[in-house]
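K.L.:
Dropping a structure here in structure tokens format, bear with me for questions.
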Amino acid sequence: MAMFRPALTIARYTLLEALRSRLPWLFVLAACAGAGLAGFLQQLALTESGAVQAALLAAALRLAGVFLLATFIITSMAREAADRGLELLLALPMPRAAYLLGKLLGYAALAAVPAMLFGLLMALFAAPAHSALWALSLLGELWIVAAFSLLCAASLQQALPALAATGGFYVLARMLGSLQLLAHGPQAGDSLVQRATAGAIDVLALLLPRLDAFARTEWLLYGTGDWQALAGVAAQTAIYVGLLASCALCDFYRRNI
């Protein structure tokens, strides 16, 4: 309780900072821009224009949510470190774990805003049950990105390297399934270099979350998702958020601030 109370206070001020920076309005603007772009591209589709619109809108919203959330987390923590706000907070009688836990709770609550907003928007183009499944899966994806952004911001302490690392992590985790198919497909060669590349991709697949299994567009278009798939997403989210938060905590405790 002694650690949880200051963590809740930090989470509340994290949410207030997001409100003051107009981040929720950016999520709304992203939703409107994505809907307008999808409507425009729908006119260019010759067949299945509704499916094309839903697929493009889902992809655009997912990328916008990840980009805006990661950018806010990294720039917020970098600004706090530059303004010596972190040193003032740690001078208070509370453990360092309370600070990181509070930040993580605040960012987790903030991630629910785009997940809910985008899920409601996608309900206009797909069945409500499928949109709810997609939105919950998107929430898990945003939580993993938030935890990795927190780790990068706390470890690298500079905005640009942290943003680059987070972007690389997200793209690689999203492409792992396709990379494995290419590495082990019939078109793959049998040379030593190609086998080593395939082995390296398999190792990465064991270490990184399979974000290609999150917020899948076919769940919206064809209703292929189910609660069993969501359970797998929830398990990955719990494991990787816990691991990333533990890594951030270890790095935070070993630093002299």
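K.L.:
Before we move on, is LEU44 assigned to a helix (DSSP H, G or I) and either surrounded by 14 or more Cβ atoms within 10 Å (Cβ to Cβ) or at pLDDT below 75 (or both)?
P.N.:
On the way: assigned to a helix (DSSP H, G or I): no; either surrounded by 14 or more Cβ atoms within 10 Å (Cβ to Cβ) or at pLDDT below 75 (or both): yes.
Criteria not met by LEU44.
K.L.:
Would you point out which residue out of ALA64, ALA38 is at pLDDT below 75 and within 22 Å of SER137 (Cα to Cα)?
P.N.:
On inspection, the qualifying residue turns out to be ALA38.
K.L.:
Now for a different question. Being assigned to a helix (DSSP H, G or I) and touching a His at 6+ places or on another chain (Cβ under 7 Å), is that true of even one residue in segment 195-216? Outline the logic, then answer.
P.N.:
Step one: list which residues in segment 195-216 are assigned to a helix (DSSP H, G or I), which gives 195-207, 211-213.
Add one more test, that the residue is touching a His at 6+ places or on another chain (Cβ under 7 Å), and what stays is 198.
Within segment 195-216, one or more residues are assigned to a helix (DSSP H, G or I) and touching a His at 6+ places or on another chain (Cβ under 7 Å).
K.L.:
Let me ask something additional. Could we say that GLY225 is under 13 Å from the mean Cα position of the chain (by Cα) and small (Gly, Ala, Ser) here? Steps first, please.
P.N.:
Details: under 13 Å from the mean Cα position of the chain (by Cα): no; small (Gly, Ala, Ser): yes.
Taking the combined requirement at face value, the residue does not satisfy it.
K.L.:
Mind telling me which of the residues PHE125, PHE169 ends up being part of a helix (DSSP H, G or I), surrounded by fewer than 22 Cβ atoms within 10 Å (Cβ to Cβ), among the aromatic types (Phe, Trp, Tyr) and touching a helix residue (DSSP H, G or I) at 6+ places or on another chain (Cβ under 8 Å)?
P.N.:
It is PHE169.
The values are calculated or read from the model by the stated rules, or taken from the named source; none is laboratory data. The structure presented is a predicted model; accordingly, all values stated were derived computationally and were not measured. We place every Cβ from the backbone using ideal geometry, glycine too, and count neighbours over all the protein chains shown.
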